[in-house]
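As C-alpha cells, the structure follows; a few thoughts come after it.
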Amino acid sequence: TEYSMGENSYPSYLSWFTFYKYVKAANDVIGVVDINDKNLNESVKGAAGVAYAFRAFNYYMLTVLFEPKANIYTDCSDVLGLTVPFVTEKTTNDIAKNNPRATHEEMIKFLINDLEIAEECLKNYTPESKTLPDLATTYAIRAKVHMWDEDYENAAKYARMAIETSGATPTTMEQWTSTTDAFNKPNQSWLWYAHYDVEQ
C-alpha cells in the first residue's frame, strides 16, 4: 500500500526524521556534560546517562528499520551489512556532508559503548518517573541490541539483569487481553513508557 515502509514512502521518511530528531536532543545533553568530571553532581551525571540510553535506543530503532536483510523480494546485496550514518555531539557540518552509513559491526560497537556509559551514569541515579530510562531499561535495551546482533547468550544475560534490577514481572493473561487497559494502563511489566490519560 501507499503507507508501507517503501524506498520513497512517507513512513520511511517520518521514522528517519523523527529518530534523528531524538538523537539530536540526546546529543545536545551529551555535548554539555563532562561525565569524567569527578565533581559532577549525581543528578547531572544521571541526566547524561538518560541521554546516552535514549541515543542508544534511537540508533537501535534506526538500525532495525533501515539495515537491509537478504530476502527473496529485493536485491539489496550492495548494501548488506550497512546501517545508518552516525551523528553525534562531535559531528561537524563538514563531516555531515560526507557521512556514509555505518557497518553493522560499527553500529553494534557504538550502541554497546553508549549503553555502558549509560549504565555507569545511572548506577546511583533513578529518574523520578518511568518516562525516562533507568538502569534496568538500559539493560533491556542492551538485550535488544544483542538480539539484533544474534548474540543470544548476552541477550539472555542482559534481559535477566533488566528483570532482576527492575523487579518487573510478566504481563498476566488478564492484563494482556483486557479490552480497556491492555496497552494503555501501566502495569508491573512496563519498564519505560509515556504517561498519559487513558480517557484521552
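Considering only the stretch 65-82, I want to know if a residue exists there that is part of a helix (DSSP H, G or I) and not basic (Lys, Arg). Can you show your working first?
Taking the stretch 65-82 as the starting set, the residues that turn out to be part of a helix (DSSP H, G or I) are 65-66.
Those left that are additionally not basic (Lys, Arg): 65-66.
So far as the stretch 65-82 goes, yes, one or more of its residues are part of a helix (DSSP H, G or I) and not basic (Lys, Arg).
In the condition set (1) in a helix (DSSP H, G or I); (2) touching a residue at least 12 places away in the same chain (Cβ under 8 Å), Thr131 is compliant with all but (1).
For the stretch 143-153, a tally of residues being in contact with a helix residue (DSSP H, G or I) (Cβ under 9 Å, 6 or more places away or on another chain) and without any contact (Cβ under 8 Å) to a residue 60 or more places away in the chain returns 7. If we scan the stretch 101-120, do we find a residue that is assigned to a loop (DSSP other than H, G, I, E, B) and at pLDDT 95 or above? Within the stretch 101-120, one or more residues are assigned to a loop (DSSP other than H, G, I, E, B) and at pLDDT 95 or above. Count of the stretch 147-190 residues, restricted to those that are assigned to a loop (DSSP other than H, G, I, E, B) and over 21 Å from Val64 (Cβ atoms), is 17. Remark: pairs (first residue in the stretch 109-125, over 18 Å from Val84 (Cα atoms); second residue open to solvent by 50 Å² or more (accessible area, probe 1.4 Å) and among the polar types (S, T, N, Q); Cβ separation under 8 Å; 6+ apart in sequence or on different chains) = Tyr125/Ser43.
The values are calculated or read from the model by the stated rules, or taken from the named source; none is laboratory data. Keep in mind that what you see is a predicted model, and the values were worked out from it rather than measured. In this analysis, Cβ positions are derived from the backbone assuming ideal geometry, glycine residues included, and neighbour counts consider all displayed protein chains. All accessible areas refer to the heavy atoms of the entire protein, side chains included, with ligands and DNA or RNA removed. Shrake-Rupley method; radii C 1.70, N 1.55, O 1.52, S 1.80 Å.
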